Structures are given as C-alpha cells and as structure tokens.
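Data block below; observations after.
The values are calculated or read from the model by the stated rules, or taken from the named source; none is laboratory data. Just so you know, these numbers come straight off a predicted model, no measurement behind them. For neighbour counting, all protein chains shown are included, and Cβ atoms are generated from backbone atoms with ideal geometry for every residue, glycine included. With ligands, DNA and RNA removed, areas are computed over all heavy atoms of the protein, side chains included. Shrake-Rupley method; radii C 1.70, N 1.55, O 1.52, S 1.80 Å.
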Amino acid sequence: MGVDRKSCLTVDTRGLSKLTSRNGINWIATELIQNAWDQDVTHVTMTIESVGHGRGRIVVVDDDPQGFLDLSHAYTLFAESKKKGQAALRGRFNLGEKLVIAYCVETGGSVEVLTTTGGFSFSKKDGRKRLRRQTESGSRVTAEFRASKRILEAMVTHVRTFIPPAGFPTTVNGEELLSHDRIDTFTQFLPTVAVNEEGELFRTTRATSVDLYEPREGETPMIYELGIPVVENPTSYHVDVQQKVPLNMERDAVTPAYSRKLCALVLNATRGLLTKEEARKPWVSEAMASDDIDAESVVKVLDEKHGTKRVMHDPSNPEASAAAVAQGFAVVYGGSHSKAAHENIRRHSPVTSATTKFKDAGINFAAEGRDVSIPRDKWTPAMENLAEYTV
C-alpha cells in the first residue's frame, strides 16, 4: 500500500474540524447519508454505534453499481462536483466528505472509503493511504471519531427525522427509516443554486415540487432539502423542497424573503386546516405580508381572526367603529396587520370602512334644528364605554 505522509488532506484539518464542530456533530451522519442518497441506489444502510469509551463509529453502505466515479474527490477540496449544477441533488461544493475526514482525523479517529475502484483510508498516524481492496458493487464509508454515547444517541434521533426518498429503503441501526405523514404536495417556482458554463455557481429560480408533512410530537418544524432537515421554519409544518435550498456557507439560514415566500405558499396549501389559534401565529402574519399569498388565504385569515362580520376602523370617525361593535361587528384596526398585509387585504379582500357601513353613527341634528341625539338611557354598553373613555 502506498502512503502519502505529507498530509492527510490538502487543508489544515485541525482548523477545519474546529470550524465544523461548533454546532454539534449531527452533520457527520447527514453528510454521509445524503451522499449515499444521491447515488444510483436501491438500498442504503447506516449504522451508528459506540466502539469504546468516548468513541463512535458510523458505517454507511450503498449498492450503486458504479460506486465513486472519482476516488480523488474524497480528499480534494472543491473539486468539480457533478452535483453542484444539479438542483435536484443534495451536495453542492464537493465538501462534505472532506469535513467528515477532517473531524474524524483530528479527534483521533479515522475514515475509510471503499468502492468498486479501490479505496483510501485517512488517519493522523498514516495520513492518506491507498487501499488495494475494493467492493464488488456500491460503496462503504466507515468513520470513527470522538463522541459520547449520549451524542451518538442524539445523532440516531436526528437521523430518524429525515424523510427518505421514495423508491428504496434506508435502514438505521437495522430499522427502516419511516417517512412522516404527508399533508400536501404542490409545484412552485423557488430560488435555488445552479452552475453556468464557466462552472460558477449562481442563484436562479426554477419550478420544483414541495411536500408538506406533519411534524411528529416534539419535532421542530424544519425546511428540508430533498429529505434532509437544514434550517428551522416558522410555520407549523415540515416543508420539504425538492431542490437545493439557497443557504449560506454554514448552511444554517435562509434569507427573510425566502422564508416569507415559504410561509405564504404553506398557508395557501393548508388554509383549510387554519384555526383561530393558528391564524394568530407569527408565521401567518408573515404570510399575509407576502406577494405570494392568494385571495382565498387572505379571506380565510380574516375570517378566523376577525369573523365574517368585520369593518375597517376609520380614525376620523371613531363613533362609526363604536356603532359597529354595538351591532356585533369586529373592527379591524390599523395595527391589526402590517402595512404589507393591509395592502394584500385591499388587493384581495377589501374590508368595508366602518364609516361606510355605519354612516349615520354619531350625533346628528335634523335640518329644522330638532335635537336627534340619543338619550343616555338609550346608550349601548359600547357607547357608555366610549363616553367614559373620552371624558
């Protein structure tokens, strides 16, 4: 076996491992399983186990007949990935395997990548070593690293939140990974990442399928990228986008505009499930401010928040609002919704002004001068309250 003792990778693995462990190490399992899912496979198995005090091991096996197309990609940072220009594949910068290797090596562990064309092992002691063994089909990645049993148990729990691709089973520690209960599927144009003729990444927009799922008890609603949870989302549902989600380099945030768009699309798809309690949640307010919300969703939110009998408050005529309340109407005030939401209300479902609905409210006098004001003993409770408030 040939050994390259100059370096294990082409970067400072210590610095890289520190960078990747700041937010825990669940990402190790994520990187390994998503690489397998992006291959031409019919079955994937993952094992996560403790192999001694403070040591963990992950083994991922797939049955892709071709295996790794280019073994050098296991250790060459930012090599031209076949995935980066394909929005329907999970990888983008050909970086995941290198991050796994960096963390494992710098915590005293090792990584072995074995495929149909041979393999490599990586460790601090031996550096990068070419292996003469190979698989008959598919690939096998074995990663050993520093981790407590508690961390490994949390990693298994994390992986069980993944939404496996349809068409082939994925098992974790011998148990098949089950999907969540799907609520709806729709197609929409969403921002994503593509590659130009010069091989440079750029952001674009393309039509993609979006699946909505009911979170299991205790789960935080997430934005998923092709079955992999990437960042939290403010809605009450898991949102699985079937293309690359435009994230920052650390893959821990989307832009506010992207989040607001998803909120509107989710509301459009789930408005039939909207309750009075749900309608008052912040994500619904965010959706109401989006250009992507449709008229039916605006009406549904107004119905749940204000009822079907509603008028818009006129600051120049508070008596009209008081009269509306006395007649059982809900008054929509300026502060009830954001400026952008009010614009959508005017565009999709204008609310009649209280002044228009109750134009005769207030104190009026007949043309001949007869006093037609309402005697105090005829006042409604709302009028009493208003009079007391204005004293």
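A few points about this structure:
- Two-decimal log10 I(q)/I(0) for the range 220-270, as the Debye equation yields it once each C-alpha is a single scatterer, q = 0.18, 0.22, 0.26 Å⁻¹: -0.50, -0.76, -1.07
- Accessible area per residue for the range 212-270 is 35 Å², calculated with a 1.4 Å probe on protein heavy atoms, without ligands, DNA or RNA.
- Ranking of D63, D211 by solvent-accessible surface, largest first: D63, D211 (1.4 Å probe, protein heavy atoms only, all chains present).
- Percent accessible area from carbon and sulfur atoms, the range 142-234, protein chains only, probe 1.4 Å: 48 percent
- Amide proton proximity set for M312, modelled H, under 5 Å, gap of 5+: V332, T352, S353, A354
- Computed from the C-alpha gyration tensor, the three semi-axes of the ellipsoid equivalent to the range 263-313 are 17, 12, 10 Å, from longest to shortest.
- Cα→Cβ-extended label distance, 7 Å offset, between E232 and K339, nm: 2.8 nm
- For the range 231-248, the Karplus equation 6.51 cos²θ - 1.76 cosθ + 1.60, evaluated at θ = phi - 60°, returns couplings of 8, 5, 10, x, 6, 9, 10, 6, 10, 9, 8, 8, 7, 4, 8, x, 10, 6 Hz by residue, with Gly and Pro reported as x.
- The distance between label points at D40 and K281 comes to 4.2 nm (points 7 Å beyond Cα on the Cα→Cβ vector).
- Of the residues P165, L178, L190, the one whose Cα sits farthest toward the positive end of the charge dipole of the range 150-190, with +1 on the Cβ of Lys and Arg and -1 on the Cβ of Asp and Glu, is L190.
- Computed from backbone phi, the HN-Hα couplings of the range 108-117 come to x, x, 7, 9, 10, 10, 10, 8, 5, 10 Hz, rounded to whole numbers (Karplus: 6.51 cos²θ - 1.76 cosθ + 1.60, θ = phi - 60°; Gly and Pro given as x).
- The range 219-285 versus the range 25-52: alpha-carbon centroid distance in Å: 25 Å
- Computed from backbone phi, the HN-Hα couplings of the range 43-49 come to 7, 9, 10, 10, 10, 10, 8 Hz, rounded to whole numbers (Karplus: 6.51 cos²θ - 1.76 cosθ + 1.60, θ = phi - 60°; Gly and Pro given as x).
- Net lengthening on full extension, R206/F168 (0.36 nm per residue, minus Cα-Cα): 11.1 nm
- Bridge type composition, the range 168-273 - antiparallel percent by DSSP, nearest 5: 90 percent
- For the range 88-194, applying the loop criterion from DSSP together with a ceiling of 12 other beta carbons within 10 Å to the trypsin sites (Lys or Arg not before Pro) yields K125, R132, R133.
- Surface/4 of the Cα convex hull for the range 149-233, nm²: 8.0 nm²
- Long-range amide H partners of M222 with built H, under 5 Å: N233, H238, V239
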